[in-house]
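Notes follow the structure.
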Amino acid sequence: MEWEVVIGLEIHVQLNTQSKIFSGAATAYGAQPNTQACAVDLGLPGVLPVLNKDAVAKAAMFGLAVDATINDGSVFDRKNYFYPDLPKGYQISQLAIPIVEHGTLEISLEDGTTKSVGITRAHLEEDAGKSLHEDFDGMTGIDLNRAGTPLIEIVSEPDMSSAKEAVAYMKKIHSIVTYLGICDGNMQEGSFRCDANVSVRRKGDSELGTRTETKNLNSFRFVERAINYEIERQIDVIESGGKVVQETRLYDADDDSTRAMRSKEEANDYRYFPDPDLLPVKLEQGLLEQLQASLPELPDVKQARFMDEYSLNQEDAEQLSSSRAMADYFEQVVAGEKEQAKISANWVLGELSAALNQNGLDISQSPVSAEKLAQLIARIADNTISGKIAKEVFQDMWNSDKSADQVIQEKGLQQISDVGELEAIVDKVIADNPNQVEQYLSGKDKVFGFFVGNVMKATKGKANPKQVNDLLKSKLSK
Amino acid sequence: MHTLTLAQQVRALAEKQFSSEELVKHYVQRIETYDEKLNSFITFTPERALEQAKQADSRAGDVGLLNGVPIALKDIFCTDGVKTSCASKMLDNFIAPYDATVVTKLNQAGAISLGKTNMDEFAMGSSSESSYYGAVKNPWDTERVPGGSSGGSASALAARLTSASMGTDTGGSIRQPAALCGITGLKPTYGRVSRYGMIAYASSLDQGGPFGITAEDCAYMLQAIAGHDYLDSTSVDRPVPDYIAGLSEPVKGMCIGLPEEFFQQGLDADIAAKIEQACEVLKSLGCEIKSISLPNAKLAIAAYYVLAPAECSSNLSRFDGVRFGYRCENPTGLEDMYCRSRSEGFGDEVKRRIMIGAYALSAGYYDAYYLKAQKIRRLISEDYKAAFSEVDAVLSPTSPTTAFKVNEKSDDPITMYLSDIYTIGVNLAGLPGISLPVGFLQGLPVGMQLVSNYFEEQTLLNLGHQYQKQTDHHLQIPSEFE
């Protein structure tokens, strides 16, 4: 039996405004519990919300970036439910008229093609606080610092048909919101999190299968795993004669599975209605034009430019442009020397990215600055060091704040380019290995590598590889 | 001193005929003497008041409009450091940590708060009987109710236990008690006065406003509290006119409409006669009286009892026992804590309205109830809009009856709801309205309501002031409280 998978994502993006969406309290992460919650955030009797204009501008900016309609006159609604970390007993959100509607996004698939994913809507809402169950024996602590943090919830069309596509979409949204500078993108701190709606149907069926919603996936890996688990589970249920139940499920990273949280029957009736404390959101005159003009170059455009301007292949260009910080770093390394673009891309995506990953660092925290890496690459280009030695230099640079030149100098790693000096070494290697010379001369070309290796060994890798090649070839052919 | 109006006291204080301390002491004594008969205060703050009076006396030069005058605040306005209970067991332990904008503005004007007045629990009611702190009594007959929900503020002022007071009006809660207590009460245009710090009942209808002995007193109070507030997004940013200066404008040539729907069968003949007499006075001042129609007026109560409960069911969700207010003893779990805290903390009428509202907003009922009621609301607004294209003010009784007896209607919510038949449409449309005393029936006051177009409070105050210059109903003091 062939199965078709239908996936839609709801992504919650925390907007990085200074203050909360409806109060003047700060939004910074990690403060002592309840020190960033004012009377409005606590839902004290009599308080009223006042809309943060920056949150509106940031949501509109997202809309512009995905070619969406920005509604002038979007409406805030109350979503009513009781939970201890929801101070007012309702969340202020947008239901009928969200600020952003009808957007689209291109994602790249593994086979090199692209796919367009529809963005149904993105609406503004406030985040809830946090319930802390661990530290209080038999009780629950409430931290309202997060309550009132502005969010946009981005709802996709059910356009994705595999976990990989869903991850590609999520990564693309992540890259856009961080490019725009409207979200810090920090998934560990919950600034960017995702719910996945998944259903399966037999290939050819016109009706959609029953879907489940898996909540609170806060890493790309979890999204992929949770969706794949859910696909398998649903197929199993149907193939063994059962029916998929419409329900909300929770992903458990520990055993890599999902489990039921509540069914549709138990689902809350949120009793939405327009919030009478807030007026429809009128966009300030000229706001959209102003935002449009301030939009940065977005990932797709940047990727195309990298391919065109730096003659990079698609894979490199896409990887480099997936993060604005990485793209900026790359361009600083290249610094206009376009012929260095390919080697720079290799270094940024290779050695540098590996070191960053190993140390769990973001590119903005890299101990080796773009300028320093540029100098290292310049030393390869001008034959001061070989690519192999450069890796050694890079490690030293990573572990100290020394420049490439300092490391090369101190360790005496300059290539031996003096023909006389090299010639002597080459002669000695040939003289020391008559058997290999004979093999080479009898047609075993592979032995050539043996000579190169021995010259390099003798020079501790500092010989200029091209010179060594040339010298060996000419000497051996005599 | 208590026989003077607030405006007269302001002038007397300026002329140093007496000090604020003397004035406040006088009222403190009156409250101590008389309030046990009325139960009009929940929290009485004499020390605070006397302290403020001394400060007011020490101010020199350009003092605030209400400098040194004692007032009373409905216990729905948050006051920093003072219990703010909304007459509910739910908030019996709640000391507000901030001032409502109205309170800040009154403080800035130099007014002195004597305390927090009793009311229907969470402002839900028309009799001030549903208070956790017991029913409020009407000074004209202490076996009768003062009206509601701002009954404490109306009762205290009618008995001259304060110089003016503040109420809130969601469906008639200022105008109806003003009528039943024989004083003047003004509900401003929705958005004229900030709602920040006023504990919400139905956010799209609630509006704070003053009680005064006279329309002139109400003008003083409104002058102090009106204006845009950044903290209330629904408050309107437009200039505040000089209400006091506007009082003495002639009213000759003003056109006043009588909605025929309000003068048909069902209206008590004696009340109709009082209204007719008042119309004669207005005619003598040069006003033209004509009949108009508000065809959808009869739908107002039905629409109100969907919309107000719907909003209240959400507004009152924050009272969950988690952060402040009443929490039940020894909860066995979260749900038990919610259920018992709310069941034990709220009174019957509040619970009734929460349930009606939650029902009206439920999936499958929303369109039939909430949306339908919103449509009716628009129709009612359009009726008034049409009326104001031909008249300057709309006149009717404020209440279909005079003050009724305590417990007379408390078991019959529907009859109680009908007390607000003339006032509710005004809230649905967001218009300003005033209730003025127009005489007595069997010793009980009768009130007349005037309604004007948006932000034309000065028309109401002007008409009221000119009417009161010709009459003395508003100056009568109940004999037990002379």
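Report the local net charge at B:Ser20: Lys and Arg +1, Asp and Glu -1, summed over other residues whose C-beta lies under 14 Å from its C-beta.
Here the count lands on +1.
Shape of the stretch A:46-162 from its Cα gyration tensor (a ≥ b ≥ c, root eigenvalues): rounded if a/c is under 1.5, otherwise prolate when a/b > b/c, or oblate?
Since a/c reaches 1.5 but b/c is at least a/b, the shape of the stretch A:46-162 is classed as oblate.
Quickly estimate the mean residue ellipticity at 222 nm for the protein assembly as shown, helices only: each DSSP H run with n ≥ 4 gives -39500 (n - 2.57), and the total goes over all residues, rounded to 500.
Computed ellipticity for the protein assembly as shown at 222 nm equals -11500 deg cm²/dmol.
Hand me the GluC sites (Glu not before Pro) from the stretch A:123-186 located in a DSSP loop with no more than 15 other Cβ atoms within 10 Å, in residue order please.
When the GluC sites (Glu not before Pro) of the stretch A:123-186 are filtered for loop state and at most 15 Cβ neighbours within 10 Å, A:Glu134 remain.
Debye calculation, C-alpha points only, no solvent: report log10 I(q)/I(0) for the stretch A:297-411 at q = 0.11 Å⁻¹, in the same order as the q values.
For the requested q values the scattering log ratios are -0.33.
Going out from 0 in 10 Å bins, what whole percent of all Cα-Cα distances in the stretch B:391-435 drops into each bin?
Result returned by the calculation: 23, 49, 23, 6.
Semi-axes, largest first, in whole Å: what does sqrt of 5 times each Cα gyration tensor eigenvalue give for chain B?
They are 31, 29, 21 Å, listed from largest to smallest.
Please compute P(r) over all alpha-carbon pairs of the stretch B:39-175, binned at 5 Å starting from zero, and give each bin as a whole-number percent.
P(r) over the stretch B:39-175, rounded to whole percents: 2, 12, 21, 23, 20, 12, 6, 3, 1, 0.
Summing Lys, Arg as +1 and Asp, Glu as -1, what charge do residues with Cβ under 11 Å from the Cβ of B:Leu247 carry, B:Leu247 excluded?
Net charge around B:Leu247: -3.
Kirkwood Rh, Cα Rg: Rg to Rh for the stretch B:152-198?
0.98
At a 10 Å Cβ-Cβ cut-off, how would you order B:Cys312, B:Cys287, fewest neighbours first?
So the residues, fewest neighbours to most, are B:Cys287, B:Cys312.
Work out the P(r) tail for the protein assembly as shown: percent of alpha carbon pairs separated by more than 55 Å, whole number.
In whole percent, the share of Cα-Cα pairs in the protein assembly as shown beyond 55 Å is 34.
Please report how far the C-alpha centroid of the stretch A:376-432 lies from that of the stretch B:172-188, rounded to the nearest whole angstrom.
Their Cα centres are 94 Å away from one another.
Using a/c under 1.5 as the rounded threshold, could you call the stretch B:29-103 rounded, prolate or oblate? The axes a ≥ b ≥ c are square roots of the C-alpha gyration tensor eigenvalues, and prolate needs a/b larger than b/c, oblate otherwise.
Judged from the Cα gyration tensor, the stretch B:29-103 comes out oblate (a/c at least 1.5, b/c at or above a/b).
Please give the average number of partner chain Cβ atoms lying within 10 Å of the Cβ of each residue in A:275-288, rounded to a whole number.
Taking the mean over all residues of the peptide, I get 2.
Can you compute log10 of I(q)/I(0) for the stretch B:186-285 with the Debye formula, treating each Cα as one identical point scatterer, at q = 0.24 Å⁻¹?
Debye intensities relative to I(0), on a log10 scale: -1.18.
From the Cα gyration tensor of chain A, with a ≥ b ≥ c the square roots of its eigenvalues, which class applies: rounded if a/c is under 1.5, or else prolate if a/b is larger than b/c, or else oblate?
prolate
Going from the alpha-carbon gyration tensor of the stretch B:228-271, what semi-axes, largest first and in whole Å, does one get by taking the root of 5 times each eigenvalue?
Ellipsoid half-lengths, sorted descending, are 34, 21, 10 Å.
Which of the pairs A:Lys88/A:Lys243; B:Lys37/B:Lys83; A:Lys171/A:Lys243; A:Lys282/B:Lys385 have their Cα atoms more than 28 Å apart in this structure?
Over 28 Å Cα-Cα: A:Lys88/A:Lys243; A:Lys171/A:Lys243.
For A:His102, A:His133, what ranking results if the residue with the fewest other Cβ atoms within 10 Å of its Cβ goes first?
Listed from fewest to most nearby Cβ atoms, that is A:His133, A:His102.
Within 10 Å, Cβ to Cβ, of A:Arg78, how many net charges do the neighbouring residues add up to if Lys/Arg are +1 and Asp/Glu are -1?
-1
Any chance you could check the Cα centroid distance between the stretch A:1-29 and the stretch B:95-117 for me, in angstrom?
That distance is 40 Å.
Calculate the translational D of the stretch A:117-204 in whole µm² s⁻¹ from Stokes-Einstein, where the hydrodynamic radius comes from the Kirkwood formula applied to all Cα pairs, the temperature is 25 °C and the viscosity 0.890 mPa s.
Translational D for this selection: 158 µm²/s.
Order of A:215-223, B:122-130, A:239-247 by packing, highest average Cβ count within 10 Å first?
Packing proxy ranking, top to bottom: B:122-130, A:215-223, A:239-247.
Can you quote the Å³ per residue value for the convex hull of the Cα atoms in the stretch B:176-215, rounded to an integer?
81
Using just the Cα positions, wrap the stretch A:419-476 in a convex hull and report its mean projected area in square nanometres, one decimal place.
With every direction weighted equally, the projected area is 3.4 nm².
For the stretch B:270-288 and the stretch B:421-438, what is the centre-to-centre distance using only Cα atoms, to the nearest Å?
After rounding, the separation between the Cα centres reads 18 Å.
Work out the P(r) tail for the stretch B:406-482: percent of alpha carbon pairs separated by more than 18 Å, whole number.
Taking all Cα-Cα pairs of the stretch B:406-482, the fraction more than 18 Å apart is 57 percent.
Read the figures in this text as sums done on the coordinates, not as results from a lab. Only a predicted model underlies this, so the values are computations on that prediction, with no experimental measurement involved. Here Cβ is always computed from backbone atoms with ideal geometry, including for glycine, and neighbour counts include all displayed protein chains.
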